[in-house]
Amino acid sequence: MSLASILSIARTALVTHQRALGVTSHNVANASTPGYTRQRLELVAATPFRTPQGLIGLGVTDNGVFANRDSLLDAAYRRESGVRGQAGTLHDLLTRVEDVFGEPSDTGLGAMLDGLYDAWADLANTPSSAAARVQVQQAGQALARRFQQTDARLQQISADAATQLRGEVASVNGLADEIARLNQRILSAGGPFHTAPDLEDQRNQLIDQLGNLMQVRVLERTDGTVGVLTGDTLLVDGARAQNLEVVGIPGGGFGVAIIGVAGVINPGGGSIAALSEMTSDGVPAVRADLDRLVAAIVTEVNALHQTGTTPGGATGTDFFDPTGLTASAMALAAPVAASPAAIAAGATSAPGDGAVALQVGMLRTKLVAALGATAGEFYVGLVGGVGSMARDASQEAEAAGVLVTNAEARRAAATGVSIDEEMVALIGQQQAYIAATRLVQAANEMMDDILHMV
């Protein structure tokens, strides 16, 4: 090996180990940077030189800077993040639904329903009392108004969820576009050699954010780019991203679709899945049960009231508006709303006849075939079901939160920067650099010796 070759080996060693020192310094400087992944310079022996006497080594070089990332740990973190995002959003929305009912309460729907039955029972005891009729009228109005208010608040929750869904879909589109742009920059900067770890960190942070909105899977390409899947839809592929939009779905509610493509996609999880579920199934199911309850109350009370006679002698009249069979439309019949004298307390108009009022008051304990329970029991079951779903979502969110924390800790242990490890590496790289300078010094002394011999 010539002296020139020795100097060349020393030069490449100096350059390579200086670069290694730079990578280590970069790690130390970013030890507290959120989302930063520890980097390493991959050292390899330079391609040897072939001579008639055999192969001669040409020193050290590198294959580039690589991020110390574990794709399995990333996938675990994003999977649990999607579960937490879905469960947390469901819990928040179901808690709002619970608050609408506000049970147990002295002013809730349950108390209003009991108040109606109590007013009818009081009228049965004093069927000729004008004050008792006013109490029945007011109790009916209060119940109808509370059903209307409850339904309106549920509709507002659904509308708010739809608005939030649109906002989060817009966020998904922004994240997908930025991931595609970073794919292009990574391809340009490093390509198949993956030598753009800082850009990869930016991209992975965006994918983590996306994973809280939708369940995502990442497909790593050989050219350094990635594909991002949500459900069975390829959201990002290299430098190309597909944008989403919020669309109405058959039966009511909202889903998410690729712009320009028919049919909704399955987000798999995340807050978007929860918002779509609440607008298409959660809130509508609660409103449907509320409508069933209203229809049963109106039908049962009217059926009995029609058998009675008002003080003025009118028969076959309704207490509730028979067309108001939903929570949003429930109301007193127009004559009853206009005057409590339109309320029938007995089968006859005799002053002491309170038979009809007694039967209406006893509806409190009557099994309603359409509900499979009494009206009160059905309402308690409805509220209890909402509370149970909110509790389950809370427990699932809490459990997923623990799993996310654990997954994040495992990922940080594998990819985070340890100052102690970096100091050890720094010392080794410094010694390698010093050794390369001594090699230069030795080659220089050998050159001087040869020159002195001439």
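For the stretch 1-38 versus the stretch 213-229, the spacing of their alpha-carbon centroids is 31 Å.
A simple charge model with +1 on the Cβ of Lys and Arg, -1 on the Cβ of Asp and Glu and nothing else charged puts the dipole of the stretch 109-178 at about 420 debye relative to its Cα centre. Note on the stretch 103-385: with charges restricted to the Cβ of Lys and Arg (+1) and Asp and Glu (-1), its dipole about the Cα centre is near 460 debye.
For the stretch 436-450, 3J(HN,Hα) computed residue by residue from phi via the Karplus equation (6.51, -1.76, 1.60; θ = phi - 60°) reads 5, 5, 5, 5, 5, 5, 5, 5, 5, 5, 5, 5, 4, 4, 5 Hz, glycine and proline entered as x. Computing FRET efficiency as 1/(1 + (r/R0)^6) for Thr315 and Leu367, where r is the C-beta to C-beta distance and R0 is 35 Å, gives about 0.85.
How big is the Rg/Rh ratio for the stretch 351-454, C-alpha atoms only, Rh by Kirkwood, two decimals? Kindly include the intermediate steps, with their values, before the conclusion.
On the way: Rg = 41.9 Å, Rh = 22.9 Å.
That ratio equals 1.83.
In the chain, the longest principal axis of the Cα atoms and the axis of helix 109-125 are about 10 degrees apart. Per residue, the convex hull around the alpha carbon atoms of the stretch 88-184 comes to 74 Å³.
Fewest-first ordering of Met453, Met423 by other beta carbons within 10 Å of each residue's beta carbon gives Met453, Met423. To the nearest µm²/s, what D does Stokes-Einstein give for the stretch 109-161 at 20 °C and 1.002 mPa s, using the Kirkwood radius over alpha carbon pairs as Rh? Once the numbers are plugged in, D ends up at 177 µm²/s.
Think of the stretch 103-385 as having a plus end and a minus end, set by charges on the Cβ of Lys, Arg, Asp and Glu; of Leu290, Ala124, Ser105, Ala124 sits farthest toward the positive end of this dipole. Against the longest principal axis of the chain, how steep is helix 283-305, in degrees 0 to 90 to the nearest 10, with axes from Cα atoms? Between the helix axis and the principal axis of the chain, the angle is about 0 degrees. Spin-label model, Gln395 to Ala29: label points 7 Å out along the Cα-to-beta-carbon direction sit 5.1 nm apart. Relative to one another, the C-alpha centroids of the stretch 357-383 and the stretch 60-121 are positioned 32 Å apart. Relative contact order of the chain, taken over Cα pairs closer than 8 Å and 6 or more residues apart, is 24 percent. Percent of Cα-Cα pairs per 10 Å bin, from 0 to the last occupied bin, for the chain, please list those. Answer for the chain: a P(r) of 4, 15, 17, 14, 12, 10, 8, 6, 5, 3, 2, 2, 1, 0, 0 percent. Ranked by how many other Cβ atoms sit within 10 Å of their own Cβ, fewest first, the residues His91, His17, His452 fall in the order His452, His91, His17.
Using the 10 angstrom Cβ neighbour count as an exposure proxy, how do Glu421, Glu200 rank, fewest first?
Fewest-to-most Cβ neighbours within 10 Å comes out as Glu421, Glu200.
Rounded to the nearest 0.05, the FRET efficiency derived from the C-beta distance between Arg145 and Ala347 at R0 = 25 Å is 0.25.
Relative to the Cα centre, the charge distribution of the stretch 152-277, modelled as +1 at Lys and Arg Cβ and -1 at Asp and Glu Cβ, gives a dipole magnitude of about 200 debye. Database remark: amide H of Val247 closer than 5 angstrom to the amide H of Gly255, Val256, Ala257 (H placed geometrically; neighbours at sequence offset of 5 or more, or on other chains; Pro and chain starts carry no H). Residues whose amide H lies under 5 Å from that of Leu332, counting only those 5 or more places away or on a different chain, are Asp321; hydrogens are built 1.01 Å from N in the peptide plane.
Bear in mind that the values in this text are calculations on the coordinates, not laboratory data. Everything numeric in this text was worked out from a predicted model, so none of it was measured. Positions of Cβ are backbone-derived with ideal geometry, glycine not excepted, and every protein chain shown enters the neighbour counts.
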